[in-house]
1. When region A:51-71 is examined, which residues are found to be assigned to a strand (DSSP E or B) and exposed (fewer than 13 other Cβ atoms within 10 Å of the Cβ)?
2. Do the conditions hold for residue A:140, that is, is it in a loop (DSSP other than H, G, I, E, B) and either touching a residue at least 40 places away in the same chain (Cβ under 8 Å) or within 26 Å of residue A:154 (Cα to Cα) (or both)?
3. On the basis of being touching a strand residue (DSSP E or B) at 6+ places or on another chain (Cβ under 7 Å), facing chain B (nearest Cβ under 9 Å) and under 30 Å from residue A:46 (Cβ atoms), does residue A:67 make the cut?
4. Please go through (1) more than 10 Å from chain B (Cβ to nearest Cβ); (2) within 25 Å of residue A:170 (Cα to Cα) for residue A:85 and return the number of the only condition it doesn't satisfy.
5. So in region B:186-212, with the set limited to residues that are surrounded by fewer than 19 Cβ atoms within 10 Å (Cβ to Cβ) and more than 41 Å from the chain's Cα centre (by Cα), which one is farthest from the other protein chains (Cβ to nearest Cβ)?
6. I need the helices (runs of 4 or more DSSP H) fully contained in region B:1-112, keeping only those with at least 3 residues that are away from every other protein chain (no Cβ under 14 Å) and closer than 28 Å to residue B:187 by Cβ.
7. Go over the candidates B:258, B:232 one by one and state the one that is away from every other protein chain (no Cβ under 14 Å), in a loop (DSSP other than H, G, I, E, B), farther than 30 Å from residue A:36 by Cβ and touching a helix residue (DSSP H, G or I) at 6+ places or on another chain (Cβ under 9 Å).
8. From the list A:154, A:124, A:166, A:145, which residue is within 14 Å of chain B (Cβ to nearest Cβ) and either crowded, with 24+ Cβ neighbours inside 10 Å or in contact with a helix residue (DSSP H, G or I) (Cβ under 8 Å, 6 or more places away or on another chain) (or both)?
């Protein structure tokens with residue numbers, strides 16, 4: 001079974017790239033390859049000059065700390081409040097209690113969800129839950145943010161808010177990679193669009209040289 | 001480091017609390033298996049101790065043929081001392097034996113000629129040597145074929161067989177329970193992994209180290225094992241008290257020494273903890289693993 005076939009792609013630091021395509025086109029697989037949730041069986045995948053194929057199991061956590069990952073389903077802990085969801089992730093990567101106390105409000109404010117810090121996930125709207133997921137992805141202050149269908153469960157207005165948020169992060173220097181099929185929002189964003197189909201790039205709005213095989 | 005440790009321990013405690021029934025099942029099975037293992041082990045050691053304290057249990061009386069010369073007796077004694085398993089050899093001259101008999105029972109010894117032959121009192125080192133030593137002694141030409149070698153053969157065999165049954169039965173039952181306890185700890189950890197898959201996923205997404213992800217499960221298994229061991233030690237202490245009271249009610253003159261609760265807790269807690277750690281490690285490393 002082929003997950004992704006012959007993708008070749010180069011992304012520069014500070015880029016904002018959308019991966020678009022039908023279900024099964026390979027968007028999520030490409031993201032999983034970049035986050036090393038799956039190991040590619042052929043080709044070359046490099047991230048900041050590092051060959052992900054040669055990465056050892058024990059080196060994966062360090063790789064993940066250099067990126068923020070926003071999963072499609074938000075991945076929030078239902079029994080924890082908003083601030084606890086972010087604090088939990090921070091504690092898991094070794095931040096002290098005092099650091100957590102200091103940084104969590106700032107992170108929540110940076111994604112405009114500070115006012116809902118004491119709410120539980122089920123008390124939040126889809127857009128608010130997505131903001132919490134993005135806040136959690138920012139705990140390591142990553143230079144790269146990867147989001148898989150971040151607007152998949154949102155109405156157009158909330159989708160646009162999330163995109164504005166990602167755009168603001170990108171303007172601050174964060175490289176943003178987004179897998180999405182929300183074409184209306186994507187075109188409105190006017191950023192680089194890589195269209196995948198059957199594991200191949202069928203179009204790239206930046207017309208970039210291809211270098212990534214997975 | 002302390003912060004990370006407190007997070008990891010906190011995660012383990014949450015898992016122990018949430019997974020209450022499996023935790024209870026694992027701890028109680030570890031406790032029962034270690035109770036049996038520890039109890040039987042302790043009883044076995046006490047039985048061995050008791051068996052070794054039976055007076056004359058290690059003694060053999062060996063009678064020589066009438067008319068054996070003093071030189072031959074001395075030579076045979078040296079020869080017997082060299083037998084494996086022989087601790088000491090003492091010559092009992094027939095005159096000395098008869099003098100003692102006359103002294104002990106003067107009424108029945110009046111006018112009787114000394115019927116005793118010369119003899120050796122041989123002390124063996126261990127119960128299991130007795131038959132071998134007896135066979136070797138019987139093969140010596142100076143040993144009288146009748147009565148020859150006299151020792152508490154049947155009693156020794158009874159004690160030996162009793163200890164053997166105790167050893168194997170104990171090992172079998174406790175071993176079976178020990179394996180069951182291991183499976184329960186394994187399952188408890190697997191269940192925790194399933195229950196906490198969201199947390200595990202988040203930890204992995206944000207780049208938590210393998211130590212942070214896996215260590216709570218190892219702590220959980222170890223705590224289950226240690227608690228099981230402690231409970232087993234308390235059960236043994238309780239069992240010993242009941243046994244002691246039973247002996248007192250019987251007015252038996254058997255002295256039962258105090259049960260070393262702290263030592264038992266250290267040993268059984270240690271064994272349980274190591275076992276819990278191994279089982280939880282296997283659960284974490286098994287397929288469908290956490291990372």
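The values are calculated or read from the model by the stated rules, or taken from the named source; none is laboratory data. Small disclaimer: the values here were computed from a predicted structure and weren't measured. Counting neighbours? That spans all protein chains shown, and the Cβs are built from the backbone with ideal geometry, glycine included.
1. Here is the first cut: in region A:51-71, the residues assigned to a strand (DSSP E or B) are A:51, A:67-70.
Across region A:51-71, the qualifying residue is only A:51.
2. Working: in a loop (DSSP other than H, G, I, E, B): yes; either touching a residue at least 40 places away in the same chain (Cβ under 8 Å) or within 26 Å of residue A:154 (Cα to Cα) (or both): yes.
So residue A:140 passes the test.
3. So residue A:67 fits the description; yes.
4. (1)
5. Per the stated criteria, the residue is B:197.
6. Details: elements: B:2-18, B:20-53, B:70-81, B:94-104, B:106-109.
In region B:1-112, the matching helices (runs of 4 or more DSSP H) lie at B:20-53.
7. B:258
8. Working: A:154 fails: within 14 Å of chain B (Cβ to nearest Cβ); A:124 fails: within 14 Å of chain B (Cβ to nearest Cβ); A:166 fails: within 14 Å of chain B (Cβ to nearest Cβ).
Answer to the check: A:145.
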